[in-house]
1. Where the second residue is part of a helix (DSSP H, G or I) and open to solvent by 40 Å² or more (accessible area, probe 1.4 Å) and the first is under 22 Å from THR103 (Cα atoms) and lies in segment 14-39, which pairs have Cβ atoms under 6 Å and are six or more apart or on separate chains?
2. Testing HIS60 on (1) surrounded by 15 or more Cβ atoms within 10 Å (Cβ to Cβ); (2) within 16 Å of the ligand (Cβ to nearest atom); (3) more than 22 Å from LYS97 (Cβ to Cβ), one condition comes back false. Which one is that?
3. Checking the conditions here, which among GLU137, GLU131 is in a helix (DSSP H, G or I) and either in contact (Cβ under 8 Å) with a residue 24 or more places away in the chain or away from the ligand (no atom under 15 Å from the Cβ) (or both)?
4. If I filter segment 23-49 down to residues being open to solvent by less than 20 Å² (accessible area, probe 1.4 Å) and within 13 Å of the ligand (Cβ to nearest atom), which single residue comes out as nearest to MET154 (Cα to Cα)?
5. Out of the residues in segment 89-107 meeting the condition of being within 11 Å of the ligand (Cβ to nearest atom) and of a type in the set (Ser, Thr, Tyr), tell me which one is nearest to VAL7 (Cα to Cα).
6. Whether any residue in segment 70-77 is more than 10 Å from VAL15 (Cα to Cα) and away from the ligand (no atom under 16 Å from the Cβ) is what I want to check.
Amino acid sequence: MKLEKNVLKAMNEQVNKELFSSYLYLSMSAYCESEGFPGCAKWLKVQSEEENDHGMKIYHFIHERGGRVELEAIDKPKTDFKNLSQLFAQVLEHEQKISASITALYETAIKANDYPTQIMLQWFITEQVEEEKNAHEIVDLLKKVGDSPVSLMMFDRQLGARVGK
Ligand code: FEO
């Protein structure tokens, strides 16, 4: 079963969104690194690598289905942030946008009766629940932490415990 044109187009767009996510989180990681939050920098770098994996998952799937991957330019990510609270609120907001994009892609696959794409996307739907939950928890935690330097240091240490590849 060949990929329908509009499904292929939406999949290529999703590859770009995942790679942009990777770029955005790397930019956020660089900000944290230079602001003296190595733990947050590590968490975001691991997240950046995961986003690259997400993009590649779709990239390989397009090829498996005999489609053509067409890479587009990746937008410049934001490089400056007010503080950690603002930064992680933007992580959450971004993940909510990605969830909406995955849902729209899934609906496109339903309309095309494209069952393999629907099955592949189910992994992403589950993943987005997890990603939004993680971002929510961090945003909530930061509300409790406030501006106290000692609490921020402990928060940073906690995020630095995230295990990467
Ligand atoms: Fe791959 Fe965080 O969405």
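1. Close Cβ pairs (under 6 Å, with a partner that is part of a helix (DSSP H, G or I) and open to solvent by 40 Å² or more (accessible area, probe 1.4 Å)) amount to VAL15/TYR59; SER22/ASN52.
2. HIS60 satisfies every listed condition except (1).
3. Working: GLU137 fails: either in contact (Cβ under 8 Å) with a residue 24 or more places away in the chain or away from the ligand (no atom under 15 Å from the Cβ) (or both).
Selected residue: GLU131, the only one of GLU137, GLU131 that is in a helix (DSSP H, G or I) and either in contact (Cβ under 8 Å) with a residue 24 or more places away in the chain or away from the ligand (no atom under 15 Å from the Cβ) (or both).
4. LEU44
5. SER101
6. yes
The values are calculated or read from the model by the stated rules, or taken from the named source; none is laboratory data. This one's a predicted model, so the numbers in the text were calculated from it and none came from an experiment. Heads up, the Cβs are rebuilt from the backbone with ideal geometry, glycines too, and the neighbour counts pull from every protein chain shown. Note: areas computed on protein heavy atoms with side chains; ligands, DNA, RNA excluded. Shrake-Rupley method; radii C 1.70, N 1.55, O 1.52, S 1.80 Å.
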